[in-house]
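Single-structure report; data block below.
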Amino acid sequence: MADEAEVLGELQRLRVRVPQVTGALAASVDGLVLAQDTPNVEPEGVAALTAAALGVAQRLADATGQGAFRELLVRGEDGYVATYAAGDQAVLTLLAEDRVNVGRLHLEGRRAGSRVGDLVAEAAAEAPEPLVRTRGRSRARTGTATGPGVVPADPATTDSGLPVRAANRPDTTNRPDTTNRSDAAKRSEVTKHPEPKLQPRTAR
């Protein structure tokens, strides 16, 4: 968003030009305070209520075919609350005494809202794009995605890029297979180790 000091300076200059303005606040369209000069008023609450009123005013203008939102004026017993569009991303809300010149209020409010909108737009254009960090190596989706920059999934690695450990299996590469030995092999083992023969005893 815009620099708070620059937006605050614009609000303070507005209050100098129109002394009957008792408070000024710039907020985003979703109710976040950008800068404020509102003594004795809670700025966060005013910004939230401004965002709610802005949504209703926009729907009312659309429903009646009056076009995009430009400004909203609320008059109470003790003064005015005026809200002006400040570009597409912000709004300007002014609090004024009941004796204020409404025409002068609108004139200065529209000018200040235009300047605040320019500051917000310039800050948004200069802001760097956010970096999106991914954890480890992303796994390729199932499909036929091809082209430059498409890295196929490595089945030997996990999502974190580490190699997959093989399960601890016994090495049977050099071991003889004794499960299906033939009968001839069994007989040859018997021949290699014959049973000892008993010699008959002779009489003395």
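The values are calculated or read from the model by the stated rules, or taken from the named source; none is laboratory data. Predicted, not measured: the structure shown is a model, and the values here were computed from it. Neighbour counts are summed over all protein chains in view; Cβ atoms, including those assigned to glycine, are modelled from backbone coordinates with ideal geometry. When the accessible area is computed, the model is the full protein with side chains, heavy atoms only, and any ligands, DNA or RNA have been set aside. Shrake-Rupley method; radii C 1.70, N 1.55, O 1.52, S 1.80 Å.
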Among the residues of the range 80-113, the number that are in contact with a Lys or Arg (Cβ under 9 Å, 6 or more places away or on another chain), free of Cβ contacts under 8 Å to residues at least 60 places away in the same chain and among the acidic types (D, E) is 1
Scan of the range 16-31 for residues that are farther than 10 Å from A112 by Cβ and open to solvent by 50 Å² or more (accessible area, probe 1.4 Å), ordered by number:
V16, P19, T22, V29, D30
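Yes or no, residue by residue, for (1) within 25 Å of A124 (Cα to Cα); (2) in contact (Cβ under 8 Å) with a residue 12 or more places away in the chain:
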position: V7; (1), (2): yes, yes
position: V18; (1), (2): no, yes
position: L25; (1), (2): yes, yes
position: V33; (1), (2): yes, yes
position: P43; (1), (2): yes, yes
position: R59; (1), (2): no, no
Sole exception among (1) open to solvent by 70 Å² or more (accessible area, probe 1.4 Å); (2) at pLDDT 95 or above; (3) under 29 Å from the mean Cα position of the chain (by Cα) for E6, by number:
(2)
Testing L54 on (1) farther than 20 Å from D118 by Cα; (2) in contact with a Phe, Trp or Tyr (Cβ under 9 Å, 6 or more places away or on another chain); (3) not small (G, A, S), one condition comes back false. Which one is that?
(1)
